[in-house]
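Structure, as structure tokens:
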Amino acid sequence: MSTIFTQIVEGEIPARVVYEDETTLAFLDANPLAPGHTLVIPKDEYERLNDVPDDVSSDLYDTIHRLVPAVEESVDADATTVAFNNGEEAGQEVPHVHCHIVPRFEGDGGGPIHAVAGEPPELSDDELDDIAADIDSQV
Ligand code: 5GP
């Protein structure tokens with residue numbers, strides 16, 4: 001069963017497409033958080049960022065990089081929040097990697113990306129060192 005975004009790629013359901021190339025597609029979010037709220041996806045279906053192969057990953061970044069100024073310009077935004085909900089527990093509803101480009105405006109009442117997680121943990125220097133070493137060893 002393909003995702004709703006694959007159905008958009010295949011033209012089975014309509015979308016307001018704003019950019020397309022061989023491997024990526026960008027279109028307006030159907031339930032925009034702000035005018036110009038845009039989604040950027042790899043055309044092939046990958047659930048999480050870590051499932052995306054290196055070459056597609058760089059294509060995806062290139063498209064995001066290209067779209068951010070275009071979106072800001074088109075709706076006269078002061079800034080953008082650019083983010084992925086990467087996994088169900090992080091709020092990902094559509095299991096097909098997608099980057100949200102959400103235009104932001106002075107006084108729009110929204111928050112920074114720091115607002116997305118729960119209570120911040122209290123971590124000692126040793127714990128932070130261990131976490132940093134652990135991540136470094138997995139890269
Ligand atoms: P998620 O919570 O998975 O990060 O975000 C999924 C996004 O996809 C939501 O912002 C939702 O509004 C958008 N969306 C869901 N279904 C459709 C659709 O059929 N067309 C478009 N254009 N956007 C959709």
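Among the trypsin sites (Lys or Arg not before Pro) found in the stretch 1-74, those both in a DSSP coil and sparsely packed, with 11 or fewer other Cβ atoms within 10 Å of their Cβ, are Arg16. Given H placed 1.01 Å from N in the peptide plane, which residues other than close sequence neighbours of Thr24 have an amide H under 5 Å from its amide H? Close amide H contacts, sequence-distant or interchain: Lys43.
How would the chain be classified by its alpha-carbon gyration tensor: rounded, prolate or oblate, with rounded meaning a/c under 1.5 and the a/b versus b/c comparison settling the rest? Kindly include the intermediate steps, with their values, before the conclusion.
Numbers: a/c = 1.99, a/b = 1.34, b/c = 1.49.
Oblate, because a/c is 1.5 or more while a/b does not exceed b/c.
Axis of helix 54-75 versus longest Cα principal axis of the chain: the two differ by about 70°, to the nearest ten degrees. Taking a Cβ cut-off of under 9 Å around Thr6, the surrounding Lys, Arg, Asp and Glu residues balance to a net charge of -3, with basic ones at +1 and acidic ones at -1. In the chain, helices alone account for a calculated mean residue ellipticity at 222 nm of -9500 deg cm²/dmol, with every DSSP H run of four or more residues adding -39,500 (n - 2.57).
Note on the chain: with neighbouring protein chains present and a 1.4 Å probe, carbon and sulfur make up 49 percent of its accessible heavy-atom surface.
With the simple model of a label 7 Å out from the Cα in the direction of the Cβ, Ser124 to Phe105 spans 4.9 nm.
The stretch between Ser137 and Gln92, if pulled fully straight at 0.36 nm per residue, gains 13.5 nm over its current Cα-Cα span.
The order of Glu12, Glu22 by accessible area, most exposed first and with a 1.4 Å probe, is Glu22, Glu12.
The H on the amide N of Thr80, modeled in the peptide plane, is under 5 Å from the matching H of Arg104, each at least 5 residues off or on a different chain.
The values are calculated or read from the model by the stated rules, or taken from the named source; none is laboratory data. Since the structure is predicted, the reported quantities are computational estimates derived from the model, not experimental observations. So basically every Cβ, Gly included, is an ideal-geometry build from the backbone, and we count neighbours across all protein chains shown. Remember, those area values only see protein heavy atoms, side chains included, never the ligands or the DNA or RNA. Shrake-Rupley method; radii C 1.70, N 1.55, O 1.52, S 1.80 Å.
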